[in-house]
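The values are calculated or read from the model by the stated rules, or taken from the named source; none is laboratory data. Quantities reported herein were computed from a predicted structural model and do not represent experimental measurements. No Cβ is skipped: glycine too gets one built from the backbone with ideal geometry, and neighbour counts run over all protein chains shown. Note: accessible area is taken over every heavy atom of the protein model, side chains too, but ligands, DNA and RNA are not part of it. Shrake-Rupley method; radii C 1.70, N 1.55, O 1.52, S 1.80 Å.
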Amino acid sequence: MTTATTRALRTPAAPTGAATAGSSPPGALPSLPSLTGLRWMAALLVFGLHVTNFGYFGGEAGRLVSWAFAPGATGVSFFFVLSGFVLTWSARPRDRVLAFWWRRVARIYPVHLVTLAVAFVMAYTLTQQAQPTPKQALANALLLHSWWHPWWQTLNPVSWSLACEAFFYASFPLLILLLRRLGARGCTALGALAVVALLVLARADAHHWWSQSIYSFPAARLPEFVLGAVTARLVLLGRWRGPGLEASLALAVIGYFLVPQATHGGYPATVCTITGFALLIPAAAVADLHGLPSLWRRRPVVRLGELSFAFYMIHLLVLRASTSLLGTKPHFGALPGVAVTTAVFCVSLGLSWVLYEAVERPARRLLLRRRRPVVPPEPVPAGREVAAAARD
């Protein structure tokens, strides 16, 4: 597969104009459904981590679940790399900065505000829930709370990653301007600098060069986003030379299970997984571009990927609410633990569907309905859709 992929990418006229997408209308970009499917897998890893943290399983079952999902926090790193790839892939030529930022607000803010409101109500109605100060609540609403470590877990804890994403969005207009001025070698050099920065930051965090952890600090997570943007630009230029989907997935899985062996988690865990993630995402994109086999673009997986953002934002609140019924760290046996986890998963998935259909999609349409371009884009070839992954 690797050889076939590389040969295809060396062909000057890439299918559907992927290599020249920087000068083509966004409607001409091909679909990348595998990236949407992969989003679901990353969200599932984070869910498994939180199930482990809430202590649903005890004994041997608990050790098995911990082995499988203790490195699940790396799913957030995957989201950061994927975000850089998708935004670069879907970037519109001559796009206005304010228009880009408004589209990102329409993408994440409706679900963020709804889940923030749910978390606020839970904080004042459920027992053993921390009640935020007005400053903490405001910082969370404005997605600024991750810049001050004592606040990063306030209200809906998973929203710390949205604060990082907000910083990425603010930086992206400058990043895409730089990437468009660089050739393939320049992009590769920028990607190498991002990796070096990540390694330095990981070592600094592991050796406590700073008084606080940098795991949730937005600026420290920027190298992952930049690396994703660089790989997208190389695919667009037809200069990507990475391995195929199977080999990239194998490297990502190896890096994932290497985390507990090499680190104690936190920011240094990104060192174990960054190579696999940075190879897997463009490999999945290339598989879609050239019609190569991909498990991740099967319709059920893609549908779950569409729900992944809402699922990510609501599942921890469901887990928190469950403590009122189940207690703190109940440590069930295998069968009761599976039953409880399945119930929590189904509730979280059902609520994510409600959020997606009743909040995320209609709110985005409402916020963007007056910002459609006056000139319609060129028609998309039959059987294609506008890149689903661009809605990340």
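Taking the convex hull of the alpha carbon positions in the stretch 82-234 and averaging its projected area over all directions gives 10.1 nm². Which residues among the stretch 257-292 fall inside the zone where the amide N is under 14 Å from a point 7 Å beyond the Cα of residue 209, along Cα→Cβ? The answer is 268.
Using R0 = 25 Å, the C-beta based FRET efficiency linking residue 125 and residue 369 works out to 0.10.
Read through the labelled values (1) 93, 57, 44; (2) 63, 54, 40; (3) 60, 47, 42 and report the label of the one computed as Cα extents along the principal axes in Å from the structure. The value matching this structure is (3).
Ordered from longest to shortest, the equivalent ellipsoid semi-axes for the stretch 159-288 are 24, 20, 12 Å, each the square root of 5 times a Cα gyration tensor eigenvalue. Could you quote the convex hull projected area for the stretch 236-344, Cα atoms only and averaged over all directions, in nm²? For the stretch 236-344, averaging the hull's shadow over all directions gives 9.8 nm². Per residue of the chain, what 222 nm ellipticity follows from adding -39500 (n - 2.57) for every DSSP H run with n ≥ 4, rounded to the nearest 500? Roughly -21500 deg cm²/dmol at 222 nm, from the helical runs in the chain.
Counting 0.36 nm for each residue step from residue 295 to residue 343 and taking away their Cα separation leaves a gain of 14.7 nm. Counted residue by residue at 0.36 nm each, then reduced by the alpha carbon distance between them, the extension gain from residue 239 to residue 331 reaches 28.1 nm. Remark: spin-label model distance residue 196-residue 97 equals 2.8 nm, labels positioned 7 Å along the Cα→Cβ axis. Ordered by 1.4 Å accessible area with all protein chains kept, 329, 135 run largest first as 135, 329. Rolling a 1.4 Å probe over the protein heavy atoms leaves residue 209 with an accessible area of roughly 150 Å². Note on residue 117 and residue 264: the model spin-label points, each 7 Å out from Cα along the C-beta direction, lie 4.2 nm apart.
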